[in-house]
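Undergrad: Below are the structure tokens for one structure; questions will follow.
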Amino acid sequence: MPRVSFTAPSLCLAFLPLLHRLLPSLPATVRDVDVPPLFRERFILSGYRPVGLSWRCYGLSLFQVHNETLNVWSHLLAAVCVALRFTAFAGPEGQGFSVDVSSLPLVLYVLSAVTYLSCSAAAHLLQSHSERSHYSLFFLDYVGVAVYQYGSALALCLYSSDAAWTQSMLGQVFLPAAALLAWFSCAACCYAKLRFRRPYPLRRKLCQVVPMGAAYLLDISPVAHRLATSPRWTSSSGLQLHFLQVVLFLLSAFFFSCPVPERFSPGRYDIVGHGHQLFHVLLSLCTLAQQEALFRDFLWRRPALVRTYGEERLLLACASFPCLTLCCAMTALAMRRRARAHLMREQR
């Protein structure tokens with residue numbers, strides 16, 4: 001019987017010193033009592049990265065196992081998948097896809113999805129650098145979420161709505177209301193992040209969940225109307241994907257709002273399986289399902305889109321996207337200045 005050797009191949013051994021130089025060993029993770037309260041999460045007892053390391057260390061911690069690893073990789077991989085899927089769709093599958101007034105909302109949607117996923121991954125990867133960085137990065141994260149909210153609203157309004165919803169009172173005021181709620185979500189989340197200290201009161205969660213919930217209910221209304229009024233939506237793959245993304249979002253909202261399963265067994269789900277990780281994974285899947293549904297809706301609505309809305313109205317709707325982004329960015333910068341002043345007062 002041949003012997004099985006578990007000795008590493010000599011070629012691998014030759015590369016070990018090179019890998020050690022490129023990816024030097026990082027400080028071990030620590031327990032919750034070893035980091036300031038700002039960086040702690042309820043019922044997560046270990047897996048924290050020490051505060052105050054160099055930016056390089058936190059960048060390299062992308063390849064380290066800690067309690068943020070799955071949060072980072074879930075959104076990072078989702079961002080890559082969104083970009084690659086759009087690249088594939090823009091090829092032959094897009095039936096002559098080109099960036100024009102009818103396809104611009106779809107391009108903005110993809111840009112908004114990549115933005116929120118990338119900002120979230122960056123925030124969770126780098127936030128342990130310092131308290132100032134923690135606030136700044138999560139304010140950036142909230143900007144990304146607001147941008148995605150409005151990017152989704154824009155695409156769903158133009159590609160996924162039917163005539164009855166478009167002509168309704170809600171359809172007439174939809175985009176301005178969606179922009180206002182997206183900005184309000186960003187401002188409320190930034191305020192809640194800066195205003196409340198651990199142990200967080202229920203008001204903090206309400207400041208985050210209520211505006212985002214109201215924005216989602218408005219943004220999903222074109223799809224909800226189609227699901228409610230279409231007698232045979234189960235035979236439409238596009239509507240089935242919309243139904244799937246609604247279910248995934250509701251599940252992700254549950255895990256965002258409730259710290260389960262870690263509440264029932266503190267310390268057991270520190271590295272894999274705690275609620276915020278499940279929220280990230282489900283939200284990533286929701287985004288991928290929504291993107292696929294919008295691709296199908298785009299092919300369905302594209303021929304008549306300019307005739308229905310007119311070029312000027314479509315361009316005006318798309319121009320509101322950078323305006324909303326600018327408003328959210330200015331709000332985040334203002335909250336960042338307040339956070340810096342607050343931290344300076346605390347250090348005196």
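The values are calculated or read from the model by the stated rules, or taken from the named source; none is laboratory data. None of the values given here were measured: they were computed from a predicted structure. All Cβ positions, glycine included, derive from the backbone under ideal geometry; neighbour counts span all protein chains shown. Just the protein is used for accessible areas: all its heavy atoms, side chains included, with ligands, DNA and RNA removed. Shrake-Rupley method; radii C 1.70, N 1.55, O 1.52, S 1.80 Å.
Undergrad: Report, to the nearest whole %, how much of the accessible area of the chain belongs to carbon and sulfur atoms, 1.4 Å probe, protein only. Could you put the intermediate results ahead of the total?
TA: Values: 12070 of 17540 Å².
Of all accessible area on the chain, carbon and sulfur atoms account for 69 percent.
Undergrad: Work out from phi, with θ = phi - 60° and the Karplus expression 6.51 cos²θ - 1.76 cosθ + 1.60, the ³J(HN,Hα) of each residue of the range 164-175, listed in order in whole Hz, and give x for Gly and Pro.
TA: Going residue by residue, I get 5, 5, 4, 8, 6, 4, 4, x, 6, 9, 4, 5 Hz, with x marking Gly and Pro.
Undergrad: Hey, another quick one. Quickly estimate the mean residue ellipticity at 222 nm for the chain, helices only: each DSSP H run with n ≥ 4 gives -39500 (n - 2.57), and the total goes over all residues, rounded to 500. If you can, show how the numbers build up before the last one.
TA: Details: 12 runs with 243 residues, N = 348.
Helix-only estimate at 222 nm: -24000 deg cm²/dmol.
Undergrad: On to the next question. What stretch of the chain, leaving out the sites themselves, is the longest with no chymotrypsin sites (Phe, Trp or Tyr not before Pro) in a DSSP loop having at most 16 other Cβ atoms within 10 Å?
TA: On the way: sites that count: 6, 196.
That gives 7-195 as the longest site-free run.
Undergrad: Out of 52, 223, 137, whose Cα points farthest toward the positive end of the dipole of the chain (charges: +1 Lys, Arg; -1 Asp, Glu; placed on Cβ)?
TA: Farthest along the dipole direction, towards plus: 52.
Undergrad: Taking every eigenvalue of the Cα gyration tensor of the range 47-94, multiplying by 5 and rooting it, what semi-axes result, largest first, whole Å? Intermediate results must be reported in sequence, preceding the final value.
TA: Details: eigenvalues 218, 23, 7 Å².
Working from the Cα gyration tensor, I get semi-axes of 33, 11, 6 Å.
Undergrad: How big is the Rg/Rh ratio for the range 52-134, C-alpha atoms only, Rh by Kirkwood, two decimals?
TA: Details: Rg = 16.6 Å, Rh = 14.5 Å.
Result for the range 52-134 is an Rg/Rh of 1.14.
Undergrad: Rolling a 1.4 Å sphere over the protein heavy atoms, what is the accessible area per residue of the chain, to the nearest Å²?
TA: Working: 17540 Å² over 348 residues.
Dividing the accessible area of the chain by its residue count gives 50 Å².
Undergrad: Any idea what the dipole of the chain comes to, in debye rounded to 20, about its Cα centre with Lys/Arg Cβ at +1 and Asp/Glu Cβ at -1? Don't skip to the end; give the middle numbers.
TA: Numbers: 31 positive and 17 negative charges, 226 e Å.
That gives a dipole near 1080 debye.
Undergrad: Could I ask something else about it? Per-residue HN-Hα couplings for the range 259-270, Karplus 6.51 cos²θ - 1.76 cosθ + 1.60 at θ = phi - 60°, whole Hz, x for Gly and Pro?
TA: Whole-Hz 3J(HN,Hα) from phi for the range 259-270: x, 10, x, 5, 4, 8, 8, x, x, 7, 10, 4.
Undergrad: Through the Karplus equation 6.51 cos²θ - 1.76 cosθ + 1.60, θ set to phi - 60°, convert the phi angles of the range 52-65 into ³J(HN,Hα) values in whole Hz; use x for Gly and Pro.
TA: Result, ordered by residue: x, 6, 6, 4, 4, 5, 6, x, 6, 5, 4, 9, 10, 8 Hz.
Undergrad: Using 0.36 nm times the number of residues separating residue 214 and residue 268, minus their current alpha carbon distance, what extension gain do you get? Don't skip to the answer; put the middle values down first.
TA: Details: separation 54, 0.36 × 54 = 19.44 nm, distance 3.36 nm.
So the extension gain works out to 16.1 nm.
Undergrad: Now a separate question. Out of all Cα-Cα pairs in the range 79-217, roughly what percent, to the nearest whole number, are more than 23 Å apart? Intermediate results must be reported in sequence, preceding the final value.
TA: Working: 4291 of 9591 pairs.
The answer is 45 percent, as a whole percent.
Undergrad: Taking the 0 to 90 degree range and rounding to the nearest ten, how far is the long axis of helix 104-126 tilted relative to the main principal axis of the chain, both from C-alpha atoms?
TA: 20
Undergrad: What is the distance in Å between the Cα centres of the range 132-148 and the range 225-270?
TA: 24
Undergrad: Among 104, 84, 282, which one shows the biggest mean-square fluctuation in a GNM of the chain, springs joining Cα atoms closer than 10 Å?
TA: Answer for the Gaussian network model of the chain: 84.
Undergrad: Right, here's the next one. What span do the alpha-carbon atoms of the chain cover on each of the three principal axes, reported in whole Å from largest to smallest?
TA: Sorted from largest, the Cα extents of the chain read 69, 64, 37 Å.
Undergrad: Amide H of residue 30: which non-local residues (sequence gap of 5 or more, or other chain) have their own amide H closer than 5 Å, using H built in the peptide plane?
TA: Distant-sequence amide H within range of residue 30: 47, 48, 49.
Undergrad: Moving on to the next point. Taking a ≥ b ≥ c as the square roots of the eigenvalues of the Cα gyration tensor of the range 218-316, is the shape rounded (a/c under 1.5), prolate (a/b larger than b/c) or oblate? Spell out each step's value before the answer.
TA: Details: a/c = 3.16, a/b = 2.39, b/c = 1.32.
Note, shape of the range 218-316 comes out prolate.
Undergrad: How many nm is it between the label spots at residue 202 and residue 338, if each spot is 7 Å from the Cα in line with the beta carbon?
TA: According to this spin-label approximation, the distance is 2.4 nm.
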